[in-house]
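Worksheet for the structure shown next.
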Amino acid sequence: MVEKQNVELKLIHMEDVVSKEVEWLWYPYIPYGKITIIEGDPGEGKTTLVLKLAAALSMGLPLPCDDDKEYEPIHIIYQTAEDGIEDTIKPRLEKAGADCSMIRVIDETDKELSMTDDRLEQAIIETGARLIILDPIQAYVGADINMNNANEVRSVMAQLGRVAEKYDCAILLVGHMNKGTGNKSSYR
């Protein structure tokens with residue numbers, strides 16, 4: 001039998017809520033303090049896109065469709081579970097003109113990273129990172145989380161969202177669509 005927990009009801013009155021503007025890393029695509037997901041079929045260039053964004057942001061260069069905005073270089077944490085950092089990621093960053101001194105990777109040699117891992121928050125504090133990239137989502141949800149169970153994923157995403165908001169950093173998740181055959185990617 002499942003024990004029911006009693007939680008005190010707390011209501012937020014909208015008249016007491018103070019509106020605030022969204023600050024954008026890249027308007028209107030990637031806001032600070034929030035999670036953004038780039039998702040698509042394999043081979044569509046998701047990782048290429050995020051690496052080129054990371055390269056431009058590490059140098060303070062304008063982003064596509066945002067040529068008139070001036071940027072300050074920002075610190076970035078880029079985590080990948082699919083590509084080697086020495087033979088794939090760094091060469092691609094160099095080719096894109098990145099300032100690699102502005103981009104860090106959390107060492108996963110001793111333990112794989114997850115979205116709820118304290119090392120993510122520690123890395124943000126230590127580096128002052130304004131952009132966190134996790135590529136792909138599926139690798140960083142956590143071994144104990146069933147991606148097909150919305151309730152399990154929701155709590156992980158909520159915790160990650162609180163980290164983004166607390167440190168006013170943008171969190172960019174790269175997702176791969178399921179491989180269902182015959183379906184358009186928009187339905188998967």
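Within a straight-line Cα-Cα reach of under 20 Å, Lys95 can be paired with the following lysines, leaving aside sequence neighbours fewer than 8 residues apart in one chain: Lys46, Lys52. Potential lengthening of the chain between Ala81 and Ile106 amounts to 7.9 nm, from the contour at 0.36 nm per residue minus the alpha-carbon distance. Against the criterion of solvent-accessible heavy-atom surface with a 1.4 angstrom probe, Ser101, Ser19 sort, most first, into Ser19, Ser101. In the chain, helices alone account for a calculated mean residue ellipticity at 222 nm of -8000 deg cm²/dmol, with every DSSP H run of four or more residues adding -39,500 (n - 2.57). Can you give me the % of accessible surface on the chain that is carbon or sulfur? Probe 1.4 Å, all protein chains present, nothing else counted. The computed percentage sits at 50. Once every Cα of the chain carries one equal point scatterer and solvent is ignored, give the base-10 log of I(q)/I(0) from the Debye formula at q = 0.08, 0.17 Å⁻¹, two decimals. For the chain at q = 0.08, 0.17 Å⁻¹, log10 I(q)/I(0) is -0.30, -1.21. At the residue level, Val163 shows approximately 20 square angstrom of accessible surface with a 1.4 angstrom probe and all protein chains present. Computed with every protein chain present, the accessible area of Ile89 is close to 10 Å² [probe 1.4 Å].
Would you mind calculating the relative contact order of the chain from Cα pairs under 8 angstrom and at least 6 residues apart, reporting the percent as a whole number? Rounded, it is 29 percent for the chain. When the surface is traced with a 1.4 Å probe over the full set of protein chains, Ile38 keeps roughly 40 Å² accessible.
For the stretch 135-152, there are no residues whose amide N sits under 16 Å from a probe point set 7 Å from the Cα of Val22 along the beta carbon direction.
Excluding same-chain neighbours fewer than eight residues apart, the lysines reachable from Lys34 by a Cα-Cα span under 17 Å are Lys20, Lys166. Per residue, the chain exposes 66 Å² of accessible surface when a 1.4 Å probe is rolled over the protein heavy atoms with every protein chain present.
The values are calculated or read from the model by the stated rules, or taken from the named source; none is laboratory data. Note that the structure is predicted; figures quoted are calculated from it, not measured. When we count neighbours, we look across all protein chains shown, and the Cβ atoms used for this are built from the backbone with ideal geometry, even at glycine. These accessible areas exclude ligands, DNA and RNA; they are computed on the full protein's heavy atoms, side chains included. Shrake-Rupley method; radii C 1.70, N 1.55, O 1.52, S 1.80 Å.
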